[in-house]
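Notes follow once the structure below has been shown.
The values are calculated or read from the model by the stated rules, or taken from the named source; none is laboratory data. Values in this document were obtained by computation on a predicted structure and should not be read as measured data. Don't worry about glycine lacking a Cβ; one is built from the backbone with ideal geometry, like all the others, and counts go over all protein chains shown.
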Amino acid sequence: MRSLLIALFLLVGASAHAQFMISAIPQRVRMDPVAIGTQDSALIVLTNVTLLLASNIQYEFDGPDASNFAVNAVTSELAAGSSSTLLISFTCMRAGEHEARLLLRGFIGSDTIRSILGFVYLEANGDASTAGISPFYQAITFGGVALGQNATRTFTLSNTSDTDITVGLKSTSDNGLTFEDYKSIYFSIEDEGGETMPRLITIGAGQTISINAVFTPTSLENVTDSIYLMWGGRMTHVALFGYGEVTPILTVTWARSFSDTTSIGSEPGDFVADSIGKTDVWIARVHNNSASPQMISLAQSVIAMPSPFTIPVNVAPITVAAGGTADIDVIYTGHGPTPFIDTLIFLDEFYTPFAGAQLVGYVRARPSVRVWVGNISGKPGETDSLEITIASPLPMEAVRAQLTLAFNASVLVPQFPVSYDETSDGTRTVVTTVDVSGHAAGSLLAALPFTIALGDQTISEVTLPSVQWLSSTGAVLPISTESGDGTTTVEDERNVNANGGSIIVKLSPSPAITTLNVEFSGVDGDVDVDLYDLTGVHLMSVPASSSNGLGNCQLNVASLARGIYAIRVSDSTHSMVRRIIIE
């Protein structure tokens, strides 16, 4: 029990500082740009944020380009609350983006198990002025692999030049003086078909090939090697890292469903709920790799209580059969859009941690919505109504919509607020807010009619609204519309000529099932009838003709999914949009 309390104390202390014992400032380092063959460096400050000594600190790089980064003037221990400056250098050997991560491993207090104390994200950009062979990944980390087993990782070689390049693959650099087969005690390289790679390969201009690196550990030691790539008097390399390990007694794998092998991993992904109160579940499967039953328990460590994460078995001991597994549901209940971070610790019968996972949960970002706006037409001095229909393909909670309508001085909007902004050219803008209720996926969210009184001048123009989404406190919410920047876009030009006449459209039956009849009047000449879904995607178009301003046509809608659609009827000068439900 004492070990459990200490573990929880450290985890809670670490949670207050990004969940790690050593904080790094900055947490992300970028060096940009760096010419190929040169070096750049950056300083970071490490701080021990616990009340215990951090000792025997090791600095380990992982990620696709780990071998390009190095540390200098390292410190092996940090007293409680103390800080130290670390110099990180980057050597550029290829063009393009480079990514890696620096892991700090060591002991905290009297611990006898080395753990990750902190990390730093590393980024750099190689100057692309010189083309050639570009490897990705620049470094391959296999991690721990059980003795007697193999692990395979894939990397690619890209020819960024405009000519074919023959590349030599070998074990030693020797400045490219000889070509020989790649040889290593622990590693081998194969093509995608599993055949041994030849010493020389040709990569076509602009082409990319894949190579499999295979690690077969023979001891528990850390081992490293490099594959040197040589062409045209130039050279780069791919670094390989790995170590052997004895298969532990207890291990954990995660999945949303173990029937889908593609989702299985050593860590859970993000927990994402569709809305507040909705749930998301990951399954932790505990494997007992021994020949005797094992008893386990679980513990959580959080900064703030209560946690939105729950475990049906809580911390009650669980017995895992010899050679068997036990599945544990970890349930997240949506609390809000800001990620909540929790830590789950797996403990053996002696309350010693054997695995852990970071749990990150948040509510899915509010769905993109489509704001469909009806047409405005009429003669000067008459009135018409503006109908705004809002729908979304996903469930959405109640919000407020802030609508902005711009019009020239000859247009009156009597039921909008009388205050407005007027520009020097006579254009006026009014802003109003309306409450928008929640809705189910694919259903009509709101139909908001506004009467527009057109002025008595020759031309009256109305520019239809932009929309911002507001919380209950009036703060702007990050809900995107079609333009992606919080403003509304519509299918066609919405500046209206008040002298253009008025199209009348009748749709039947409503709802439509297989055939939709479209009748229209007030048109002039040839007519286009277009069908859109509520995301603005154009689905079909039917040409029609008119006689004395009247016309009709039919649309086959039998293949369309149930939902709300928009019909636009337009002639050469103006148009009218109406919505229709299709069952």
- Query: Which one is farthest from residue 48 (Cα to Cα) among residues in the range 58-77 that are assigned to a loop (DSSP other than H, G, I, E, B) and charged (D, E, K, R)?
  - Reply: 65
- Message: Condition check: touching a residue at least 12 places away in the same chain (Cβ under 8 Å), surrounded by 17 or more Cβ atoms within 10 Å (Cβ to Cβ) and within 23 Å of residue 241 (Cα to Cα). Does residue 76 satisfy that?
- Response: no
- Message: Can you go through 218, 172 and tell me which one is modelled with pLDDT of 85 or more and assigned to a loop (DSSP other than H, G, I, E, B)?
- Response: 218
- Task: Need at least 1 residues that are farther than 30 Å from residue 217 by Cβ, modelled with pLDDT under 85 and touching a helix residue (DSSP H, G or I) at 6+ places or on another chain (Cβ under 6 Å) per element, so show me which strands (runs of 3 or more DSSP E) inside the range 238-353 make the cut, counting only ones lying wholly within it.
- Result: 294-301
- Query: Do we find that residue 224 is assigned to a strand (DSSP E or B), surrounded by 17 or more Cβ atoms within 10 Å (Cβ to Cβ), among the hydroxyl-bearing types (Ser, Thr, Tyr) and touching a Gly at 6+ places or on another chain (Cβ under 9 Å) in this structure?
  - Reply: no
- Query: Right, residue 96: over 28 Å from the mean Cα position of the chain (by Cα), touching a residue at least 24 places away in the same chain (Cβ under 8 Å) and surrounded by fewer than 21 Cβ atoms within 10 Å (Cβ to Cβ) or not?
  - Reply: no
- Residues that are in a strand (DSSP E or B), more than 23 Å from residue 232 (Cα to Cα) and not hydroxyl-bearing (Ser, Thr, Tyr), drawn from the range 136-162: 140, 142, 143, 144, 145, 146, 151, 153
- Task: Answer with yes or no whether residue 299 is in contact with a strand residue (DSSP E or B) (Cβ under 9 Å, 6 or more places away or on another chain) and under 30 Å from residue 60 (Cα atoms).
- Result: yes
- Message: What's the total number of residues in the range 233-273 that are in contact (Cβ under 8 Å) with a residue 40 or more places away in the chain, under 28 Å from residue 359 (Cβ atoms) and of a type in the set (Lys, Arg)?
- Response: 0
- Can you pull out the residues in the range 540-583 that are assigned to a strand (DSSP E or B), in contact with a Leu (Cβ under 9 Å, 6 or more places away or on another chain) and touching a residue at least 40 places away in the same chain (Cβ under 8 Å)? 555, 556, 563, 564, 566, 567, 568, 578, 579, 580, 581, 582
- Note on the structure: Residue count, the range 249-286, condition of a type outside the set (S, T, N, Q) and within 11 Å of residue 330 (Cα to Cα), comes to 11
